[in-house]
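One structure below.
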Amino acid sequence: MLRIMPIFGTRPEAIKMAPIVSAFHADDRFECIVTVTGQHREMLDQVNELFGIVPNHDLNILQPGQTLSDILTRTINGLDRLLAAEKPDAVVVQGDTTTSTAGAIAAFYRGIPVIHAEAGLRSHNLHSPFPEEANRKITTQVASLHLAPTSTSKANLQAEGVNEADIVVTGNTVIDALLATVGKEIAFTDPVLEELASSGKRILLVTTHRRENQGDAMRGVGRALARIAKSDPELVIVLPAHKNPVVREAVLPAIEGLTNVIITEPLAYGEFTRMLSLATVVLTDSGGVQEEAPSLGKPVLVMRDNTERPEAVVAGTVKLIGTDEERIVEETTRLFQDAEYFESMASAVNPYGDGLAASRTVAAAAQLLGVGQRTQEFIS
Ligand code: UD1
Ligand code: UDP
C-alpha cells in the first residue's frame, strides 16, 4: 500500500481536506496518515469532529499571537522528524496557509513528492492577500503535482512555466464538502439562531479575518456594520467571530449590544453552511466563503481590493468592494433596497466544482505514484 500524508492546520484547510481524507481512506491502494499542525486549535478540531477525522499526528503548534515565522519554523521542525519516521510516498497540502507552505517545504527537503490541492490561484499582488499569495507561489515551486480547481488557475500555473502534464483540473473540494453538508438542515446549537431561522427575517451574514485588513480597515468594517444595523432595524446581521483576538478587538466594539446584531463563536461547518443558505446577502473577506456562496445563489460583497477567485466575479454573483467604510454601507444597503440589482447578483453558479474534486484528487495521486490513471478533468 502507498502511504499518503495529508498535512493541514487551519479551519479552511480542514474543510477542503476532509473530502480528500475520506476518499483516500476509502481506497485500498492507499494508507492515509493524517497529520495536523494545530496552527488553529478550536476552529480545526471543530471541523475534524464534524467529518469524523481523527489525526494520526498532531504537532499542536498554536501559540497566542503567533507570528508567521513561528508557524513556519514550528511546523517545519515538527514535520521534519515525522517525515523521517513515517516515510510517506507523497504528502498532500492544501491552499495557501503557512502550514501548507511549511508542509510542502519540509516534504521537498526530504525528497518526498508534494501534491498541491487548490493550486494556481493568483491575485497577482504579492502583498495582497498577505502572506497567502507568496505562500501559494512558493508551494508551486516545490510541488510535483498541481491540482488546479479551475481552468483559470491552470492557466496561471502554465503562465509561470509549470508543465501541463503536472497539472490536473479537479474542481475545488470545498464544493464536495458543501454538497455533503448543506442539505442536512443541521440544528443550530444557539437557540437565538434557531429562532432567527424560523423568523423569515432578512439576514446579512458577515465574516472577516484577513491579516491585511486588521487594524484601521477592520475598525471601519465594525463602524459600517453598526450603521447598517441602525439604519434598518428589521435586518439582522450575523457575525460568527474568528478566534483571532486581534480581529475581535477591532470589529466587535462598534456592534456589541445592538439588538439586531448577533455575534457568535465560530459556527461548526454544518451550522455555517445552513446560515449561508438562510442569508440574504454575504459580506466577507474569506476565500472559502467566496467559493461556497455562489453555489447557493447568494450575492457576495468581498471586502478586498482584489481576488484570486475571479470566476464568480465574472459570473456576477461576487463583487469586490474593498474596505472603505462608506463603500461597505453603500453597497450593502443597495443590495437590500434595489430588488433588480439584488436579482442580478442572486443567480446560482458553480464555477468552483461539481462535488467530484476529491475523487479526481485520488486518481491524480494514483497516476503520480504509478498505480492508476487520472479521470476526466473538471470543466469550469
Ligand atoms: C490563517 C491563515 C489564513 C487563513 C485563515 C483562516 C496563515 C498565515 N494564515 O489566518 O491564510 O485564511 O487562517 O481562518 O496561514 N486562534 C485561536 N484558535 C483558533 C484559531 C486561531 O485562538 O482555533 C487565534 C490565535 O490567537 C492565533 C490567531 O488566532 O494566534 C491567528 O491565527 P493564525 O493561524 O496565525 O492566523 P489566521 O488569521 O487565523
Ligand atoms: N466557516 C465555518 N464557520 C464559521 C465561518 C466560516 O465553518 O463560523 C467556513 C466557511 O464555510 C468556509 C471556511 O470556513 O468553508 C472559510 O474559512 P476562513 O474564512 O476562516 O478562511 P479562508 O477561506 O479565508 O482561508
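Every number here is computed from the coordinates shown, using simple stated rules; none is lab data. These numbers come from a predicted model, not from an experiment. Ideal geometry is used to build each Cβ from the backbone, glycine not excepted, and the neighbour counts take in all protein chains shown.
Here's the yes/no breakdown for (1) among the acidic types (Asp, Glu); (2) surrounded by fewer than 24 Cβ atoms within 10 Å (Cβ to Cβ); (3) more than 16 Å from ligand 1 (Cβ to nearest atom):
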site	(1), (2), (3)
56	no, yes, yes
70	yes, yes, no
87	no, yes, yes
102	no, no, no
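Any chance the stretch 124-133 includes a residue that's hydroxyl-bearing (Ser, Thr, Tyr), more than 25 Å from residue 48 (Cβ to Cβ) and within 16 Å of ligand 1 (Cβ to nearest atom)?
Yes, some residue in the stretch 124-133 is hydroxyl-bearing (Ser, Thr, Tyr), more than 25 Å from residue 48 (Cβ to Cβ) and within 16 Å of ligand 1 (Cβ to nearest atom).
Limited to the stretch 173-196, what total is found for residues that are closer than 11 Å to residue 275 by Cα and buried (at least 17 other Cβ atoms within 10 Å of the Cβ)?
5
Answer yes or no: is there a residue in the stretch 28-46 that is touching a strand residue (DSSP E or B) at 6+ places or on another chain (Cβ under 9 Å) and among the small types (Gly, Ala, Ser).
Yes, the stretch 28-46 contains at least one residue that is touching a strand residue (DSSP E or B) at 6+ places or on another chain (Cβ under 9 Å) and among the small types (Gly, Ala, Ser).
Residue 59 is checked against (1) over 19 Å from the mean Cα position of the chain (by Cα); (2) over 20 Å from residue 16 (Cα atoms); (3) not charged (D, E, K, R) and fails just one. What number does that condition carry?
It is condition (2) that residue 59 fails.
Of all residues in the stretch 113-152, which are out of contact with any Ser or Thr (no Cβ under 9 Å at 6 or more places or on another chain) and of a type in the set (Ser, Thr, Tyr)?
Of everything in the stretch 113-152, those that are out of contact with any Ser or Thr (no Cβ under 9 Å at 6 or more places or on another chain) and of a type in the set (Ser, Thr, Tyr) turn out to be 128, 140, 144.
Considering only residues of the stretch 250-297 that are within 19 Å of the chain's Cα centre (by Cα) and of a type in the set (Asp, Glu), which is farthest from residue 176 (Cα to Cα)?
265
In the stretch 127-143, which residues are surrounded by fewer than 17 Cβ atoms within 10 Å (Cβ to Cβ) and either among the polar types (S, T, N, Q) or at positive phi (or both)?
Result: 141, single match.
Working only within the stretch 180-219, note down all residues that are assigned to a helix (DSSP H, G or I), over 21 Å from residue 346 (Cα atoms) and either within 16 Å of ligand 1 (Cβ to nearest atom) or hydrophobic (A, V, I, L, M, F, W, C) (or both).
Across the stretch 180-219, the qualifying residues are 180, 192, 193, 196, 211, 212, 213, 217, 218.
List pairs: first residue in the stretch 159-184 and more than 21 Å from residue 123 (Cβ to Cβ) and in contact (Cβ under 8 Å) with a residue 12 or more places away in the chain, second residue part of a loop (DSSP other than H, G, I, E, B) and basic (Lys, Arg) anywhere in the structure, Cβ distance under 8 angstrom, at least six positions apart or on different chains.
Qualifying pairs under 8 Å: 168/374.
Inside the stretch 42-54, can you point out the residues that are away from ligand 1 (no atom under 12 Å from the Cβ), crowded, with 17+ Cβ neighbours inside 10 Å and part of a helix (DSSP H, G or I)? Walk me through how you get there before you give the answer.
Kept after step one, since they are away from ligand 1 (no atom under 12 Å from the Cβ), are these residues of the stretch 42-54: 49-54.
Right, trim to crowded, with 17+ Cβ neighbours inside 10 Å and you get 50-51, 53.
Of everything in the stretch 42-54, those that are away from ligand 1 (no atom under 12 Å from the Cβ), crowded, with 17+ Cβ neighbours inside 10 Å and part of a helix (DSSP H, G or I) turn out to be 50, 51.
Pick out, from the stretch 226-324, the helices (runs of 4 or more DSSP H) lying fully within it that include 2 or more residues that are more than 16 Å from ligand 1 (Cβ to nearest atom) and in contact (Cβ under 8 Å) with a residue 24 or more places away in the chain.
Result: 269-278, 287-295, 311-315.
Can you tell me which residues in the stretch 96-151 are in contact (Cβ under 8 Å) with a residue 12 or more places away in the chain, of a type in the set (S, T, N, Q), more than 23 Å from residue 379 (Cα to Cα) and not in a loop (DSSP other than H, G, I, E, B)?
98, 99, 100, 101, 135, 139
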